[in-house]
Amino acid sequence: SGAVVYAVDEPDFSVGTELDPCEISSPESLLALSDYVAGGGATYGVYYKVTAPIALESGFTPIGNAGNPFNGRFDGGFHAITLSVSADSYGGLFGYVGLSGVVENVVTEGSVTASTEHAGGIAAYNAGIIRNVFNSASVSANTRVGGIVGENIGLVESAVNYGGFTVSSYGGGIVGVN
């Protein structure tokens, strides 16, 4: 008798509209999105929607980096996303939100730690738009730490932070450096 193999349906991360979004419904699909973006996958103009609460285990790589930023639209649907992020730098649910990126309706809890710089409960670095977000995760790094965003050159609006933060320099309850 052979082993039973179950296929996990991963969404097509290259397509999604507001009326027919690319659905993120599990830790595995959020991890796969992070891998897709880190690998240079195109997110510009793609709409992503979280459809259920998600609890991430340690080892999660934040979505986007300076070389491959997140430039899509991410709607958290106000479902709780529990973080367990430990990174050298750029720690958060998102590592780097690009100029065309929109992150909205996101609720985070848990913990985010960057051993050097840039950490935020929602994003480590934001050049896009972050709105309607709520963080209760604890956030820590040596510099550029914010409850919502570590460093911001974009727009942050309607953001609430209840999470504590630990920083040596350049920190704030909402944004560390603006």
Provide the packing ranking of 88-99, 72-83, i.e. peptides ordered by the mean count of other C-beta atoms within 10 Å per residue, highest first.
88-99, 72-83
Based on the alpha-carbon gyration tensor of the chain and its eigenvalue square roots a ≥ b ≥ c, which shape applies: rounded if a/c is under 1.5, prolate if not and a/b is larger than b/c, or oblate?
prolate
Net charge of neighbours whose Cβ lies under 14 Å from the Cβ of residue 98, counting Lys and Arg as +1 and Asp and Glu as -1:
0
Summing +1 for each Lys or Arg and -1 for each Asp or Glu, what net charge is found among the other residues whose Cβ lies under 10 Å from the Cβ of residue 82?
-2
How far is helix 27-38 tilted, in degrees, relative to the longest principal axis of the Cα atoms in the chain, given as a value from 0 to 90 rounded to the nearest 10?
70 degrees
Please sort 126-133, 139-146 by packing, taking for each peptide the average over its residues of neighbouring beta carbons within 10 angstrom, highest first.
139-146, 126-133
Charge context of residue 47, other residues only, Cβ under 9 angstrom, K/R +1, D/E -1:
-1
C-alpha center-to-center spacing [region 18-74, region 76-140] in angstrom
12 Å
Return the distance in nm (one decimal) between the two label points of a simple spin-label model at residue 131 and residue 162, each offset 7 Å from Cα along Cα→Cβ.
2.4 nm
Sort 116-123, 57-64 by packing, meaning the average of other beta carbons within 10 Å per residue, with the highest value first.
116-123, 57-64
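Every number in this text was worked out from the coordinates using simple rules, so none of it is lab data. Bear in mind the structure is a predicted one, so any value in this text is a computation, not a measurement. Heads up, the Cβs are rebuilt from the backbone with ideal geometry, glycines too, and the neighbour counts pull from every protein chain shown.
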